[in-house]
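Asks: Okay, here's the structure, questions in a sec.
The values are calculated or read from the model by the stated rules, or taken from the named source; none is laboratory data. Only a predicted model underlies this, so the values are computations on that prediction, with no experimental measurement involved. We place every Cβ from the backbone using ideal geometry, glycine too, and count neighbours over all the protein chains shown.
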Amino acid sequence: MTATLRDPTQDMLAALLERVAREDSGALRELYDAVASKLFGLALRILNRHEWAEEVLQDSFVNIWRHARDYRRDVSAPMTWMSTIVRNRALDHLRRIDAEETEWSDALDDLVASDAPNPEALTQVSDAARLLAGCMQQLEPAQRQAVALAYLRDQSHSEIAAALTVPLGTVKSWIRRGLARLKLCLGGAR
Amino acid sequence: MNLHRYPQLVDRLAAEHALGLVRGGAKRRLEQYAERDAELRHALDDWKRRVEPLAELAPARTPPASAWAGIERRLGLAEASAPSPSPAARETQAPPRPAAAVRPAHWIERLSESLTFWRGWAIGATVLAAIAIFVAARALLPSTPATSNAPMIAEWRAPGSTHVAVLNNQDAHAVMLVAWDATHDTITVQRLAGAAPPQGRALQLWAVPPQGHPVSLGVLPASGETKLSAHAQRPDSYTALAISVEPMGGSPNPDGPSGPIVYVGKLLPVS
């Protein structure tokens, strides 16, 4: 497979989704080659266990196959749409399993890379994600971490406070200020 | 409360909603407000659009080779993607399985997939439980309820119900509440805003078992609360309820909907 050499644009992904919507299994394979590693990375980020992430990746592709016809380009970029499916499946998985089973060694790591985004790593993502990656860099590390724990681990204010061992009020203000800063940075961009 | 007097609060709530930090009754209330308030709806959508690409920022990792095989197996694609036989070879092959034989399972799978899919989008398990066990709902309502034509969940009493389902539309908004009373063999359907069939069509309620074809529970009148007889169907045998749009009088096919599925929801026992 030459998948990793590709630089799939969102247009190309949208065209593949259109073919997948017509139940073209070849297109599903092409789509898999183009985005599976990106989506697996996300599932792994959320679940931190290979076997769970693999299951969620499979669930997600089954979902993509069945819901491709519901995809709307004017609402979200293909990569955003597919990533959201993976996130939702992964969070469903988290809710199903016993919380005790989950051992996150990286609770204190940045869920979203803290370094300046590597241009190569951003080739597959949507323009909106590229913009957001830049804006996330402007947040304090603690703000960034709190925002990511909420969105990618489905944690509440108090769960985040416990994970980061800070008072609840601190977490609330990190998130509030982080979000305000994000909005400012993203501007009116749609 | 007039939210528009507090634009900063609206913005903050919308942002926290997008991150998944607004939960339980607060989340349900916010989404109910948004249904009838375009400005709030736009604020929620704008923030959803800002936050969603966060999911794209995780670093790529190569999945194990077994992952694709599992997808092919689950979708039954392995045959389809094999190299196609030469025309001569094809003639000697057995004819393909009739499509009708596989359709019911596919239909059910599609539905159950969409259940989790839709739930994931907007209604978390806690909210579902909060709505489903509507007994405590009054405590969740705003102290001065907004004027609404939609019946308030708290005002709806369905004593004796053993199972309940909240049916959501494709945008994951709750549009119908169903209470199933297994003791008295009755099913009560309560509509929230917007659960009306298109002109000249009817809504039909289906019980969806884990396996096999769905069973019709009846065709609903065009509006209002409806009581149906369960006709000795047991709620324990079903995992979900669904509503399809059908010709007046119901689906001509006794084993399943003929029209699109518009609302679905898990059927949960009341504990």
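Asks: Restricting to region A:37-74, what's the tally of residues that are within 9 Å of another protein chain (Cβ to nearest Cβ) and within 15 Å of A:Glu18 (Cα to Cα)?
Replies: Residues that pass the stated criteria total 6.
Asks: So, one more: Sort out which residues of region A:149-176 are among the hydroxyl-bearing types (Ser, Thr, Tyr), in a helix (DSSP H, G or I) and either more than 10 Å from chain B (Cβ to nearest Cβ) or surrounded by fewer than 18 Cβ atoms within 10 Å (Cβ to Cβ) (or both), and write them in order of number.
Replies: If we filter region A:149-176 for residues that are among the hydroxyl-bearing types (Ser, Thr, Tyr), which is where we start, we get A:151, A:156, A:158, A:165, A:170, A:173.
Remaining after also requiring in a helix (DSSP H, G or I): A:151, A:158, A:170, A:173.
A:Ser158, A:Thr170, A:Ser173, listed by residue number.
Asks: Do we have B:Glu79 as within 14 Å of chain A (Cβ to nearest Cβ), modelled with pLDDT of 85 or more and closer than 29 Å to A:Val86 by Cβ here?
Replies: Numbers: within 14 Å of chain A (Cβ to nearest Cβ): yes; modelled with pLDDT of 85 or more: no; closer than 29 Å to A:Val86 by Cβ: yes.
The answer is no for B:Glu79.
Asks: Here are B:Ala202, B:Ala207, B:Ala222, B:Ala242: which of them is out of contact with any Ser or Thr (no Cβ under 8 Å at 6 or more places or on another chain) and either closer than 23 Å to B:Ala182 by Cβ or acidic (Asp, Glu) (or both)?
Replies: Going through B:Ala202, B:Ala207, B:Ala222, B:Ala242 in turn, just one is out of contact with any Ser or Thr (no Cβ under 8 Å at 6 or more places or on another chain) and either closer than 23 Å to B:Ala182 by Cβ or acidic (Asp, Glu) (or both): B:Ala242.
Asks: Which of the residues that make up region B:226-235 are free of Cβ contacts under 8 Å to residues at least 40 places away in the same chain and within 20 Å of the chain's Cα centre (by Cα)?
Replies: Residues of region B:226-235 free of Cβ contacts under 8 Å to residues at least 40 places away in the same chain: B:226, B:233.
Listed by number, the list holds a single entry, B:Thr226.
Asks: If B:Thr62 satisfies every condition in (1) away from every other protein chain (no Cβ under 11 Å); (2) in contact with a Ser or Thr (Cβ under 6 Å, 6 or more places away or on another chain); (3) not hydrophobic (A, V, I, L, M, F, W, C) but one, which is the exception?
Replies: It fails just one condition, (1).
Asks: Which one of these does B:Gln93 not meet: (1) modelled with pLDDT of 85 or more; (2) away from chain A (no Cβ under 14 Å); (3) loosely packed, with under 13 Cβ neighbours inside 10 Å?
Replies: Result: B:Gln93 fails condition (1) only.
Asks: Oh, and also: Examine region A:6-26 for a residue that is in a helix (DSSP H, G or I), surrounded by 20 or more Cβ atoms within 10 Å (Cβ to Cβ) and within 9 Å of chain B (Cβ to nearest Cβ), and state whether such a residue exists.
Replies: The answer is no, given that none of the residues of region A:6-26 is in a helix (DSSP H, G or I), surrounded by 20 or more Cβ atoms within 10 Å (Cβ to Cβ) and within 9 Å of chain B (Cβ to nearest Cβ).
Asks: Would you call B:Val264 at pLDDT 85 or above and under 30 Å from B:Gly25 (Cα atoms)?
Replies: Values: at pLDDT 85 or above: yes; under 30 Å from B:Gly25 (Cα atoms): yes.
For B:Val264, the condition - at pLDDT 85 or above and under 30 Å from B:Gly25 (Cα atoms) - is met.
Asks: Evaluate the following for B:Pro198: is it farther than 22 Å from B:Ser161 by Cα and modelled with pLDDT under 80? Before you say what the answer is, go through the steps one by one.
Replies: Values: farther than 22 Å from B:Ser161 by Cα: yes; modelled with pLDDT under 80: yes.
Yes; evaluated as a whole, the condition is true for this residue.
Asks: A follow-up question, please. Condition check: farther than 13 Å from B:Thr62 by Cα and assigned to a helix (DSSP H, G or I). Does A:Arg73 satisfy that? Step through it out loud before you land on a result.
Replies: Values: farther than 13 Å from B:Thr62 by Cα: yes; assigned to a helix (DSSP H, G or I): no.
Considered against the rule, which asks whether it is farther than 13 Å from B:Thr62 by Cα and assigned to a helix (DSSP H, G or I), A:Arg73 comes out as no.
Asks: State all residues of region B:53-69 that are within 16 Å of A:Val86 (Cα to Cα) and assigned to a helix (DSSP H, G or I); if no residue qualifies, say none.
Replies: Going through region B:53-69, the residues within 16 Å of A:Val86 (Cα to Cα) turn out to be B:53-63, B:67-68.
Once the filter is applied, which keeps residues that are within 16 Å of A:Val86 (Cα to Cα) and assigned to a helix (DSSP H, G or I), region B:53-69 yields B:Pro53, B:Leu54, B:Ala55, B:Glu56, B:Leu57, B:Ala67, B:Trp68.
Asks: While we're looking at this one, here's another question. Among what's in region B:215-252 and is surrounded by fewer than 12 Cβ atoms within 10 Å (Cβ to Cβ) and more than 24 Å from B:Ala174 (Cβ to Cβ), pick the residue that is modelled with the lowest pLDDT.
Replies: B:Ala232
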